[in-house]
Amino acid sequence: MIRVRVFDSAADLARAAAADIARTLRANPRLVLGLPTGRTPIPLYHQLARLHGEGRADFSRATTFNLDEFLGLDGRDGRSYRAFMQRHLFDHINARARRIHFLDGDARDVAAECDRYERAIRRAGGIDLQILGLGLNGHIGFNEPARALAARTHCARLRPATRRANAALFGNRIRDVPHYALSMGMATILEADRILLIATGATKRACVERMIAGPVTPRVPASFLQLHRNTEVWLDRPAASQL
Ligand code: GLP
């Protein structure tokens with residue numbers, strides 16, 4: 001059963017989520033965090049940076065794993081998710097570089113890179129807290145709606161809607177958005193001890209409703225969160241308006 005919390009505003013949600021992560025970090029300084037990209041977590045990352053600046057969030061012993069990365073982009077490419085995370089979070093907190101993990105979008109052997117990531121997550125003891133965003137078509141990470149979903153970290157073909165949603169990182173030129181990306185799989189995500197999905201804005205209300213109240217179906221990958229025993233979905237009012 002997914003637990004839902006609705007906040008008055010996206011800013012309130014970001015503050016509460018950052019405070020929750022900071023509390024979790026204090027209880028377990030060796031926290032293993034799974035992290036998303038996208039517009040939704042940006043205010044959360046800014047709040048985490050603020051809490052760190054105030055001495056209330058110490059990431060020095062934490063480990064992070066990002067969910068996904070575009071295929072063909074080097075981590076130094078400003079359009080990569082690694083660069084995004086650097087700009088919005090890692091430049092402003094004290095996470096140790098050797099404990100920050102990304103899929104290498106530029107890896108020569110994609111299958112080996114996906115295996116390496118799975119092994120690194122296992123070696124870290126698994127993900128304690130996985131933060132997720134929600135794609136407009138119900139995707140999580142880059143697990144796109146399909147007839148069947150991939151369990152493990154894999155190379156995914158991006159849907160046109162998803163490439164459109166990511167165009168801002170590519171100067172709004174959709175044709176420049178890669179067609180493929182590497183992503184944690186559904187089992188990789190569902191193995192996290194705790195999952196916190198955040199979604200804001202009216203554009204998300206239909207997929208929020210399908211994720212929470214619809215059937216569990218690979219056509220809405222986020223609906224698989226209904227099978228997880230410790231998932232919370234935090235929404236602002238517009239995102240919750242169809243529930
Ligand atoms: C991308 C990411 C997802 C993210 C989604 C939603 O496609 N791969 O992990 O959740 O965008 O993005 P936004 O928060 O901008 O709506």
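Candidates are the residues of region 21-65 that are open to solvent by 10 Å² or more (accessible area, probe 1.4 Å) and of a type in the set (S, T, N, Q); the one that is nearest to the chain's Cα centre (by Cα) is T37.
Could you pull out the residue among A107, A83, A112 that is more than 16 Å from the chain's Cα centre (by Cα) and assigned to a helix (DSSP H, G or I)? Selected residue: A112, the only one of A107, A83, A112 that is more than 16 Å from the chain's Cα centre (by Cα) and assigned to a helix (DSSP H, G or I).
The set of residues from region 165-194 being among the small types (G, A, S) and either within 14 Å of the chain's Cα centre (by Cα) or closer than 23 Å to A83 by Cα (or both) comprises A165, A167, A168, G171, A181, S183, G185, A192.
What's the number of the only condition in (1) modelled with pLDDT of 95 or more; (2) touching a Gly at 6+ places or on another chain (Cβ under 7 Å); (3) open to solvent by less than 50 Å² (accessible area, probe 1.4 Å) that R82 fails to meet? Answer for R82: the failing condition is (3).
Residues that are more than 24 Å from D193 (Cα to Cα) and either of a type in the set (S, T, Y) or at pLDDT 95 or above (or both) do not occur anywhere in region 26-37.
In the set A168, A146, only one residue is open to solvent by 20 Å² or more (accessible area, probe 1.4 Å), of a type in the set (A, V, I, L, M) and part of a loop (DSSP other than H, G, I, E, B); that residue is A146.
Within region 119-154, being away from the ligand (no atom under 15 Å from the Cβ), among the charged types (D, E, K, R) and under 16 Å from the mean Cα position of the chain (by Cα) holds for D128, R152. Mind checking which residues of region 155-167 are near the ligand (Cβ under 10 Å from one of its atoms) and hydrophobic (A, V, I, L, M, F, W, C)? Listed by number, the residues that qualify are A156, L158, A161, A165.
The values are calculated or read from the model by the stated rules, or taken from the named source; none is laboratory data. Just so it is clear, the structure is predicted and the values come from calculations on it, not from any experiment. Using ideal geometry, Cβ is built from the backbone for each residue, glycine included, and neighbour counts are taken over all protein chains shown. Ligands, DNA and RNA are stripped out before the accessible areas are found, and what is left, the full protein with its side chains, is counted by its heavy atoms. Shrake-Rupley method; radii C 1.70, N 1.55, O 1.52, S 1.80 Å.
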